[in-house]
Amino acid sequence: MGSRVDYLRISITDRCNFRCTYCMPPGGIPWKPHTDILSFEEIVRFTRAAVAAGISRVRITGGEPLVRRQCVSLVKQLAAVPGIEDLSLTTNGSLLDGFARDLKRAGLGRINVSIASLDPARFFRLSGGAGLEPVLAGLASALDAGFSPVKVNVVALDGIENGLGEFVSLSRRRPVHIRFIEHMPIGRFDGGGWGFIPRERLLGELRAFGDLAPAPSPGGGGPAQYFQYAGAAGTIGFISSMSDHICGGCNRMRLTADGYLRGCLFSGDELNVRPFIGGDRQRLTAIILDAIDAKKFNRGGASPGPRTMSQIGG
Ligand code: SAM
Ligand code: SF4
């Protein structure tokens, strides 16, 4: 096994108000019935057991986490779990303007906003018909509410320009950390069949806008490598899951909204832990430890299985 597993991504819903072309098929996917989705009580119980198994950092994801009712209350409950040192959330930003301050008050530490393009027409196309304005308002609210660092996730897609110039300009003006993520062919629809843009090619294109010097990580402990334009308020990072073998440094587990524990994005191996959540906590911790032990770094070897990114949580 590689590095110590201390990071858990918890998907709190499979539902989403976007239809990003790289995440789910154009017609969307049937949502799971509410009864299939873990309750807040179950999520918190699982998290307590996970802390005993070595987890100290939790990221809330989805689907779109902010579409789940009372999500601020869940944030508050997770922030209060002893042993959770870092609580963060990944969102498409569309509802963030209305939630940023309450999330901060509830104890959320960090926010990532996913934005595929800062050009309204491209954004409309890539998000499956959503508007960019509310997302930008959400990003601004996250900064105003005092979140730091605020990161922007950009899935870099070959065959369409994400619009690099606008991202360069944002990183110069605002203290946001833009991370280009290589597209991953996950799920029964292969992530929409897009190609990924390797980091070296993107770096070359970004250098056309000015010198980029290596920069320290803004924090969060993920696998990104960072650079910065001279005098910029923010940074530019790369998460190269396809062109780099980052499996050996992988420190994360994933809990799906319907209660399956999964060790790897690229492997469909998962364990239904829901039946154990209501029982003895030590037994649940032992089951989580076994799943961590079984975590295979089998990128390229195994099948990622049928779940879309929105059903796993990214
Ligand atoms: N709805 C939230 C959002 O978009 O941030 C959270 C869930 S989303 C599944 C989590 C992350 O997965 C997002 O940053 C999104 O850009 C990323 N993602 C989705 N499909 C992807 C793909 N095929 N390859 C790489 N990243 C992907
Ligand atoms: Fe929804 Fe996020 Fe997937 Fe886009 S990437 S469809 S916002 S879950």
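Just one of (1) in contact with a Phe, Trp or Tyr (Cβ under 8 Å, 6 or more places away or on another chain); (2) within 16 Å of ligand 1 (Cβ to nearest atom) fails for R262. It is (1).
Could you say whether any residue in region 147-169 is among the β-branched types (V, I, T), in a helix (DSSP H, G or I) and either touching a residue at least 60 places away in the same chain (Cβ under 8 Å) or more than 16 Å from ligand 2 (Cβ to nearest atom) (or both)? Within region 147-169 (the criterion being among the β-branched types (V, I, T), in a helix (DSSP H, G or I) and either touching a residue at least 60 places away in the same chain (Cβ under 8 Å) or more than 16 Å from ligand 2 (Cβ to nearest atom) (or both)), the answer is yes, since at least one residue qualifies.
Residues that are in contact (Cβ under 8 Å) with a residue 24 or more places away in the chain and either small (G, A, S) or more than 12 Å from ligand 1 (Cβ to nearest atom) (or both) within region 110-130 comprise R110, S114, A116, S117, L118, D119, R122, R125, S127, G128, G129, A130, listed in sequence order.
Within region 22-43, restricting attention to residues that are not in a loop (DSSP other than H, G, I, E, B) and not β-branched (V, I, T), the residue that is farthest from ligand 1 (Cβ to nearest atom) is E41.
Among the numbered conditions (1) at pLDDT 95 or above; (2) crowded, with 16+ Cβ neighbours inside 10 Å; (3) in contact with a helix residue (DSSP H, G or I) (Cβ under 7 Å, 6 or more places away or on another chain), the only one that S171 does not meet is (3). When region 124-139 is filtered for residues that are among the small types (G, A, S), under 18 Å from the mean Cα position of the chain (by Cα) and within 11 Å of ligand 2 (Cβ to nearest atom), only S127 remains.
For region 1-21, the set of residues classified as open to solvent by less than 20 Å² (accessible area, probe 1.4 Å) and in a strand (DSSP E or B) consists of Y7, L8, I10, S11, listed by residue number. The condition of being in contact with a Lys or Arg (Cβ under 7 Å, 6 or more places away or on another chain), closer than 26 Å to P26 by Cα and not acidic (D, E) holds for only one of S243, S267, that being S267.
Criterion applied to S88, S94 was being out of contact with any Ser or Thr (no Cβ under 8 Å at 6 or more places or on another chain), polar (S, T, N, Q) and open to solvent by less than 10 Å² (accessible area, probe 1.4 Å), and the one residue passing it is S88.
Residues of region 175-215 being closer than 29 Å to S141 by Cα, more than 12 Å from ligand 1 (Cβ to nearest atom) and assigned to a loop (DSSP other than H, G, I, E, B), which ones? Within region 175-215, P175, F209, G210 qualify. Scanning region 76-96 for residues that are within 10 Å of ligand 1 (Cβ to nearest atom) and in a loop (DSSP other than H, G, I, E, B) turns up N92, G93, S94. Is it fair to say T61 is modelled with pLDDT of 95 or more and more than 10 Å from ligand 2 (Cβ to nearest atom)? For T61, the condition - modelled with pLDDT of 95 or more and more than 10 Å from ligand 2 (Cβ to nearest atom) - is not met. Of all residues in region 71-85, none satisfies the criterion of being in contact with a Ser or Thr (Cβ under 7 Å, 6 or more places away or on another chain) and either within 16 Å of ligand 2 (Cβ to nearest atom) or among the aromatic types (F, W, Y) (or both). Within the bounds of region 104-124, is there any residue that is farther than 19 Å from P65 by Cβ, open to solvent by less than 10 Å² (accessible area, probe 1.4 Å), at pLDDT 95 or above and in a helix (DSSP H, G or I)? Within region 104-124, one or more residues are farther than 19 Å from P65 by Cβ, open to solvent by less than 10 Å² (accessible area, probe 1.4 Å), at pLDDT 95 or above and in a helix (DSSP H, G or I). Reported count of residues in region 22-59, each being crowded, with 23+ Cβ neighbours inside 10 Å and out of contact with any helix residue (DSSP H, G or I) (no Cβ under 7 Å at 6 or more places or on another chain), is 2.
The values are calculated or read from the model by the stated rules, or taken from the named source; none is laboratory data. Just so it is clear, the structure is predicted and the values come from calculations on it, not from any experiment. Here Cβ is always computed from backbone atoms with ideal geometry, including for glycine, and neighbour counts include all displayed protein chains. Each accessible area value is taken on the protein alone, full model and side chains, heavy atoms only, with ligands, DNA and RNA left out. Shrake-Rupley method; radii C 1.70, N 1.55, O 1.52, S 1.80 Å.
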